[in-house]
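**Q** The structure under discussion is supplied below as structure tokens; questions concerning it will follow.
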Amino acid sequence: MPSGLPPSLERPLNLVRVDFSPAHRQPSAISVLAATVASLAGSLAADAILVTIGTALFPATKHYVHFRFSDYAKLTIIGVLIACVGWPVVTRVSSSPRWLFLRLAIAVTLVLWVPDLYILYRGQPPRAVAVLMVMHLAIALVTYNCLVRMARVKSPERTTRTASSAHRHAKRGG
């Protein structure tokens with residue numbers, strides 16, 4: 001924990017495992033970019049599949065305005081890009097980035113359900129809103145898994161093994 005922080009912040013930051021001193025190596029920019037592309041493609045595909053399933057199960061929702069690709073795609077892209085920028089930040093501030101990012105993904109998903117509940121309250125069709133809520137959940141699952149699995153943090157042990165292996169290799173003259 002940085003020494004310049006007020007003591008009143010240390011406890012809350014410790015509770016959410018923000019310590020500003022991760023021992024792991026950061027994911028590479030290439031892996032974050034690949035995970036971002038996969039997250040975007042996977043989330044948009046999940047949305048399209050869920051809209052297809054939702055309109056098949058609930059035919060009255062077939063022409064629901066929020067089920068148009070142009071409507072949900074722009075919001076999906078914005079949300080996924082924000083999450084993909086967030087993952088490298090989390091890996092830099094936490095020594096338990098997967099733990100923290102999972103909880104952030106859950107919190108963000110719950111927050112994103114608030115507008116869904118609001119439009120439900122305002123009279124939107126319950127079945128259509130339920131599909132929207134499942135779409136938010138699917139986007140979170142796809143994005144979280146792509147990021148933590150494809151843009152992995154590298155353990156300090158691997159770094160140590162690689163360095164000692166290179167050192168042994170250099171001693172042998174090869």
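**Q** Going by how many other beta carbons lie within 10 Å of each one, how would you line up ILE119, ILE82, fewest first?
**A** Sorted ascending by nearby Cβ count, the order is ILE82, ILE119.
**Q** For the stretch 26-151, what is the relative contact order in percent, using Cα pairs closer than 8 Å and at least 6 residues apart in sequence?
**A** 48 percent
**Q** Here's another thing I want to ask about it. Which of the chymotrypsin sites (Phe, Trp or Tyr not before Pro) across the stretch 7-75 are loop residues per DSSP, with 15 or fewer other Cβ within 10 Å?
**A** PHE20
**Q** Report, as a whole number in µm² per second, the diffusion coefficient that Stokes-Einstein gives for the stretch 40-131 at 20 °C and 1.002 mPa s using the Kirkwood radius over alpha carbon pairs.
**A** 145 µm²/s
**Q** I'd like the distance between the alpha-carbon centres of the stretch 96-113 and the stretch 12-82, rounded to an integer number of Å.
**A** Centre-to-centre (Cα) distance: 12 Å.
**Q** List the residues of the stretch 87-128 whose backbone N lies under 12 Å from a point placed 7 Å from the Cα of ALA60 along the Cα-to-Cβ direction.
**A** 124-128
**Q** For THR52, THR36, THR109, which order do you get if you count the other beta carbons within 10 Å of each Cβ and list the fewest first?
**A** THR52, THR109, THR36
Read the figures in this text as sums done on the coordinates, not as results from a lab. Every value quoted in this text rests on a predicted model; they were computed, and no experiment measured them. Positions of Cβ are generated from backbone atoms using ideal geometry, with glycine treated the same way; all protein chains shown enter the neighbour counts.
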